[in-house]
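The values are calculated or read from the model by the stated rules, or taken from the named source; none is laboratory data. Just so you know, these numbers come straight off a predicted model, no measurement behind them. Here the Cβ positions follow ideal geometry from the backbone for every residue, glycine too, while neighbour counts run over all protein chains shown. Ligands, DNA and RNA are stripped out before the accessible areas are found, and what is left, the full protein with its side chains, is counted by its heavy atoms. Shrake-Rupley method; radii C 1.70, N 1.55, O 1.52, S 1.80 Å.
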Amino acid sequence: MFDKRGILTLIIGCICAAVLVVIDQLIKAWVVNDFALSESREWLKIGSTKIMNLTYVLNSGAAFSSFSGRRVMLILIPVVLTILCLFGLLYFAKMSKLSVVGVTMVLGGGVGNLIDRIFNGGEVIDYLDVQLFDFAVFNFADVCICVGVALVAFYLLILEPIAAKKAKQNPPAEESAHE
């Protein structure tokens, strides 16, 4: 059903996603062990301008605390998306390394936050607190998800249409010889 390249991409993608999950969980363990809940510490600063703080908060919702308190939904949807990511690794294996990286990042970030939801009473541990403007507190897994989605979207919306247009304008020599 799947070729060797697809299976290899799936295996490598899962290993890389697992590394992202470990990084995410190690950072969260450090925050939980070293910070009091709601504690905030300066982290990145240029001159007198605060860029980012580390602030330990718990989020029972999804992005920007949406769907707060809907634990079952916030567990089931990531499980379905995790399965879709696994198929995405197989699908993109022959097409785009950029998309494989993106799907791997989404997979790792999604599983990292899913672990929190399952083992932390439905709450995700957040700690990255942007100070330059008003923004939600987030975590490494969230960064992986957002960057991964952006990479896949960039491929699907920009790179793939450009490649398809070029292929249409310059058909392979065999096809043009038969016309």
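What are the residues in segment 114-133 that are in contact with a helix residue (DSSP H, G or I) (Cβ under 7 Å, 6 or more places away or on another chain), open to solvent by 20 Å² or more (accessible area, probe 1.4 Å) and closer than 23 Å to Asn53 by Cα, if any?
Matches in segment 114-133: Glu123 only.
Return yes or no: is Leu26 without any contact (Cβ under 8 Å) to a residue 24 or more places away in the chain, outside any strand (DSSP E or B) and either over 17 Å from Phe135 (Cβ atoms) or of a type in the set (Gly, Ala, Ser) (or both)?
Working: without any contact (Cβ under 8 Å) to a residue 24 or more places away in the chain: yes; outside any strand (DSSP E or B): yes; either over 17 Å from Phe135 (Cβ atoms) or of a type in the set (Gly, Ala, Ser) (or both): yes.
For Leu26, the condition - without any contact (Cβ under 8 Å) to a residue 24 or more places away in the chain, outside any strand (DSSP E or B) and either over 17 Å from Phe135 (Cβ atoms) or of a type in the set (Gly, Ala, Ser) (or both) - is met.
Give the residue, chosen from Leu114, Leu74, Leu128, that is at negative phi, touching a residue at least 24 places away in the same chain (Cβ under 8 Å) and not in a helix (DSSP H, G or I).
Leu128
Within segment 131-145, can you find the residues that are of a type outside the set (Val, Ile, Thr) and in contact (Cβ under 8 Å) with a residue 12 or more places away in the chain? Full working, then the answer.
Taking segment 131-145 and keeping what is of a type outside the set (Val, Ile, Thr), we get 131-136, 138-142, 144.
Within segment 131-145, Gln131, Leu132, Ala136, Phe138, Asn139, Phe140, Ala141, Asp142, Cys144 qualify.
Scanning for something touching a helix residue (DSSP H, G or I) at 6+ places or on another chain (Cβ under 6 Å), surrounded by fewer than 22 Cβ atoms within 10 Å (Cβ to Cβ) and not in a loop (DSSP other than H, G, I, E, B), does segment 157-169 turn up at least one residue?
no
Pairs, please: C-beta under 7 Å, at least 6 apart or cross-chain, first residue crowded, with 17+ Cβ neighbours inside 10 Å and in segment 84-104, second modelled with pLDDT under 90 and among the small types (Gly, Ala, Ser)?
Leu90/Gly6; Ala93/Gly6; Val100/Ala93; Val103/Gly88
I need every pair where a residue in segment 3-20 that is open to solvent by 90 Å² or more (accessible area, probe 1.4 Å) has its Cβ under 8 Å from the Cβ of a residue that is outside any helix (DSSP H, G or I) and not hydrophobic (A, V, I, L, M, F, W, C), sequence separation at least 6 or different chains.
If the second residue must be outside any helix (DSSP H, G or I) and not hydrophobic (A, V, I, L, M, F, W, C), the pairs left are Arg5/Lys94.
What single numbered condition from (1) in contact with a Gly (Cβ under 8 Å, 6 or more places away or on another chain); (2) part of a loop (DSSP other than H, G, I, E, B); (3) open to solvent by 70 Å² or more (accessible area, probe 1.4 Å) fails to hold for Val149?
Only one criterion is unmet by Val149, namely (2).
Tyr127 - would you say it is closer than 22 Å to Asp34 by Cβ and of a type in the set (Ser, Thr, Tyr)? Give the steps one after another, and end with the answer.
Details: closer than 22 Å to Asp34 by Cβ: yes; of a type in the set (Ser, Thr, Tyr): yes.
In short, yes.
Just to be sure I understand, how many residues within segment 23-73 are farther than 19 Å from Gly121 by Cα, open to solvent by 60 Å² or more (accessible area, probe 1.4 Å), out of contact with any Gly (no Cβ under 9 Å at 6 or more places or on another chain) and of a type in the set (A, V, I, L, M)?
Result for segment 23-73: 2.
One line per residue, one yes/no per condition, for (1) closer than 19 Å to Phe138 by Cα; (2) out of contact with any Asp or Glu (no Cβ under 8 Å at 6 or more places or on another chain):
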position	(1), (2)
Ile75	yes, yes
Val79	no, yes
Thr82	no, yes
Leu86	no, yes
Leu90	no, yes
Lys97	no, yes
Gly109	yes, no
Asn113	yes, no
Phe119	yes, yes
